[in-house]
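Student: Dropping the structure in here first, questions after.
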Amino acid sequence: PAVTSYTNQVAFPPLAQSTVYSAFPQTGQTYGLPPFGSSFTTSSVYSSIPSATAVPTTSPTAAHQEFSSYTSLGQSQFAQYYALPPSYTPAGLPSSEDPGAALGAAGYSAIKSEQAASAGLPPRDASPPENLPAGAALPTSVALPPGARDQDEVGRRNSVGKSKGKGKRPDSSPPADTDLERIFLWDLDETIIIFHSLLTGSYAQKFGKEPATVLNLGLQMEELIFELADTHLFFNDLEECDQVHVEDVASDDNGQELSTYNFLADGFNGASGGGTSGGTTGVQGGVEWMRKLAFRYRRLKEIYNNYKGNVGGLLSPLKGELLLRLQSEIENVTDAWLSTALKSLLLIQSRGKCMNVLVTTTQLVPALAKVLLYGLGDVFPIENIYSATKIGKESCFERIVSRFGKKVTYVVIGDGRDEEFAAKQHNMPFWRISNHGDLVSLHQALELDFL
């Protein structure tokens, strides 16, 4: 129907277009840490770290905490500085969610497994087929647990020590050069070496490797680790009384000469004497027992220092050949992961005022066996190795800060949520390692004195 019009009706004025807002100019972000060698304060380090979204933890209490003050070191903001060697070529579709995706090396996929699955990409495997022992490989139809990578090696033969230690002597004094400026706190598994994810199958799943081949290498290396720990590093005696640091029970050591000491017959674990005499065996946690415990850790330290550059001297010729083959094959199947990490470790070690410290969730004795078997003994002095099995990484970081002081800048490098959360608690910058590209970026940042 027609609408009646009124002569005195006033037409509404047309809506005028609102003011167009100009784009907000972003100020240039600078790297969070000052160039190596310059003077800096702790507050200036953390106030200038570029903001980034923190990875949420699975802890129900931590999930609701405010992480606005915590930032991770973003590798993506320095892409213009990355001068990758010609041998590194993109290995698939780069993802905007993965800062290291565009830095992938040929022979492995830098894309996360979920992204690879959604993109329909076939698994990549540039490594030659391995010669596996008969009956050792799993059938390809065996389902491997997804997401197992987030589990740390803390579940592997890690039991809480029962040592009732008395007063503990402080850790070894820092080197004579007390002008340390930066200390890099490294995680071990899946950061420097690939071990735990070989056993869970998560490495094969993420990087498109043959699961049976990868698992087999992991099992053989695990056997070597525990054989070395049990045979030469007193793990049978120390598994239930594992320590955080090799010097933790040194205050109970009376300095007795150990060259002719018989560890097998001193009754430490009650195997001889039945533990009833009390005079020779001693009560667990008693003075005599603690002294024998301290003897074992002193001897452990001596063995580590004597063989840190030649672990083959502790192995039979057959096992020595097996180790060389495993080192080569693991390095091949992991696309030179350890070699890439070693570049950064050695660069830090070559600096006069920097130090590498290892903090791992593996028990101390198996961790020392890992370090020796993977050829890292010369990189990490035994005094710089800590086990977080009993006390957690946050408490380990506290011990390290109390040892070296608060004037030093600490940088945490790892792959897991536990070290990231511990770094946040101590206001330490954190560099995440999740693929080969992150290791390459780390080395570039170190070379350019960003770290």
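Student: Any residue in the stretch 389-403 that is in contact (Cβ under 8 Å) with a residue 12 or more places away in the chain and over 13 Å from His245 (Cβ atoms) sitting within a Cβ distance under 6 Å of a residue that is open to solvent by 40 Å² or more (accessible area, probe 1.4 Å) and not in a loop (DSSP other than H, G, I, E, B)? List the pairs, counting only those 6 or more apart or interchain.
Tutor: Within 6 Å, the pairs are Lys393/Asp418; Glu394/Gln425.
Okay, residues lined up against (1) β-branched (Val, Ile, Thr); (2) modelled with pLDDT of 95 or more; (3) out of contact with any His (no Cβ under 8 Å at 6 or more places or on another chain); (4) assigned to a helix (DSSP H, G or I):
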site: Ser173; (1), (2), (3), (4): no, no, yes, no
site: Ile183; (1), (2), (3), (4): yes, yes, yes, no
site: Gln220; (1), (2), (3), (4): no, yes, yes, yes
site: Glu223; (1), (2), (3), (4): no, yes, yes, yes
site: Leu264; (1), (2), (3), (4): no, no, yes, yes
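Let's see how each residue does on (1) open to solvent by less than 30 Å² (accessible area, probe 1.4 Å); (2) more than 30 Å from Ala204 (Cβ to Cβ); (3) modelled with pLDDT under 95; (4) in contact with a strand residue (DSSP E or B) (Cβ under 6 Å, 6 or more places away or on another chain):
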position	(1), (2), (3), (4)
Ala271	no, yes, yes, no
Gly282	yes, yes, yes, no
Ile303	yes, yes, no, no
Lys353	no, yes, yes, no
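Student: For the stretch 415-439, how many residues meet the condition of being assigned to a helix (DSSP H, G or I), under 20 Å from Ser197 (Cα atoms) and open to solvent by 10 Å² or more (accessible area, probe 1.4 Å)? Walk me through how you get there before you give the answer.
Tutor: So the first thing to find is which residues in the stretch 415-439 are assigned to a helix (DSSP H, G or I), and the list is 417-425, 436-439.
From the residues that got through so far, the ones that are under 20 Å from Ser197 (Cα atoms) too are 417-420, 436-439.
Going one step further and asking which of them are open to solvent by 10 Å² or more (accessible area, probe 1.4 Å), we end up with 417-418.
Result for the stretch 415-439: 2.
Student: Another question, then. Just to check your reading of the model, which residue among Asp248, Asp179 is open to solvent by 10 Å² or more (accessible area, probe 1.4 Å), acidic (Asp, Glu) and in a loop (DSSP other than H, G, I, E, B)? Lay out the reasoning, then the answer.
Tutor: Values: Asp248 fails: open to solvent by 10 Å² or more (accessible area, probe 1.4 Å).
Exactly one of Asp248, Asp179 is open to solvent by 10 Å² or more (accessible area, probe 1.4 Å), acidic (Asp, Glu) and in a loop (DSSP other than H, G, I, E, B), namely Asp179.
Student: Here is a follow-up. Can you run down the residue pairs with Cβ atoms below 7 Å, 6 or more apart or on separate chains, where the first is in the stretch 322-335 and part of a loop (DSSP other than H, G, I, E, B) and the partner is among the aromatic types (Phe, Trp, Tyr)?
Tutor: Partner pairs satisfying both residue conditions: Asp335/Tyr108.
Student: Is it the case that some residue within the stretch 332-341 is more than 20 Å from Trp431 (Cβ to Cβ) and of a type in the set (Gly, Ala, Ser)?
Tutor: no
Matching residues to (1) under 30 Å from Lys407 (Cβ atoms); (2) touching a Lys or Arg at 6+ places or on another chain (Cβ under 6 Å); (3) open to solvent by 10 Å² or more (accessible area, probe 1.4 Å); (4) among the β-branched types (Val, Ile, Thr):
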{"position": "Val357", "(1), (2), (3), (4)": "yes, no, no, yes"}
{"position": "Pro366", "(1), (2), (3), (4)": "no, no, no, no"}
{"position": "Leu373", "(1), (2), (3), (4)": "no, no, no, no"}
{"position": "Leu376", "(1), (2), (3), (4)": "yes, no, no, no"}
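Student: Let me ask you something else. Being at pLDDT below 95, over 30 Å from Ile192 (Cα atoms) and loosely packed, with under 14 Cβ neighbours inside 10 Å, is that true of even one residue in the stretch 292-301?
Tutor: no
Student: Please determine, by comparing only the residues of the stretch 337-350 that are in contact (Cβ under 8 Å) with a residue 12 or more places away in the chain and either among the small types (Gly, Ala, Ser) or in contact with a helix residue (DSSP H, G or I) (Cβ under 9 Å, 6 or more places away or on another chain) (or both), which one is surrounded by the most Cβ atoms within 10 Å (Cβ to Cβ). I'd like the intermediate steps shown before the answer.
Tutor: Quick first cut of the stretch 337-350, residues in contact (Cβ under 8 Å) with a residue 12 or more places away in the chain only: 337-338, 340-349.
Okay, now just the ones that are also either among the small types (Gly, Ala, Ser) or in contact with a helix residue (DSSP H, G or I) (Cβ under 9 Å, 6 or more places away or on another chain) (or both), so 337-338, 340-341, 343-344, 347-348.
Numbers: Trp337: 23, Leu338: 18, Thr340: 20, Ala341: 24, Lys343: 16, Ser344: 26, Leu347: 15, Ile348: 21.
Looking at residues that are in contact (Cβ under 8 Å) with a residue 12 or more places away in the chain and either among the small types (Gly, Ala, Ser) or in contact with a helix residue (DSSP H, G or I) (Cβ under 9 Å, 6 or more places away or on another chain) (or both), I get Ser344.
Student: Give me the residue from the stretch 205-225 that is open to solvent by 30 Å² or more (accessible area, probe 1.4 Å) and not polar (S, T, N, Q) and, out of that set, nearest to Leu372 (Cα to Cα).
Tutor: Glu223
Student: So which residues in the stretch 303-321 are under 26 Å from Asn269 (Cβ atoms) and in contact (Cβ under 8 Å) with a residue 24 or more places away in the chain, if there are any at all?
Tutor: Within the stretch 303-321, Ile303, Tyr304, Asn305, Tyr307, Val311, Leu314, Leu315, Lys319 meet the criteria.
Student: Continuing with this model, one more query. Hey, can you tell me all the residues within the stretch 440-451 that are touching a Gly at 6+ places or on another chain (Cβ under 9 Å) and either in a strand (DSSP E or B) or open to solvent by 30 Å² or more (accessible area, probe 1.4 Å) (or both)? Reasoning before the result, please.
Tutor: At the first step, the residues of the stretch 440-451 found to be touching a Gly at 6+ places or on another chain (Cβ under 9 Å) are 440-441, 449-450.
Listed by number, the residues that qualify are Asp449, Phe450.
Student: List every residue pair whose Cβ atoms lie under 7 Å apart, where the two residues are 6 or more positions apart in sequence or sit on different chains, the first residue falls within the stretch 430-445 and is more than 17 Å from Glu420 (Cβ to Cβ), and the second residue, located anywhere, is of a type in the set (Lys, Arg).
Tutor: His443/Lys343
The values are calculated or read from the model by the stated rules, or taken from the named source; none is laboratory data. Just so we're clear, the structure is a prediction, and the values are computed from it rather than from any experiment. Glycine also receives a Cβ, built like all others from the backbone with ideal geometry; neighbour counts cover every protein chain displayed. Keep in mind that these areas ignore ligands, DNA and RNA; they rest on the heavy atoms of the full protein, side chains included. Shrake-Rupley method; radii C 1.70, N 1.55, O 1.52, S 1.80 Å.
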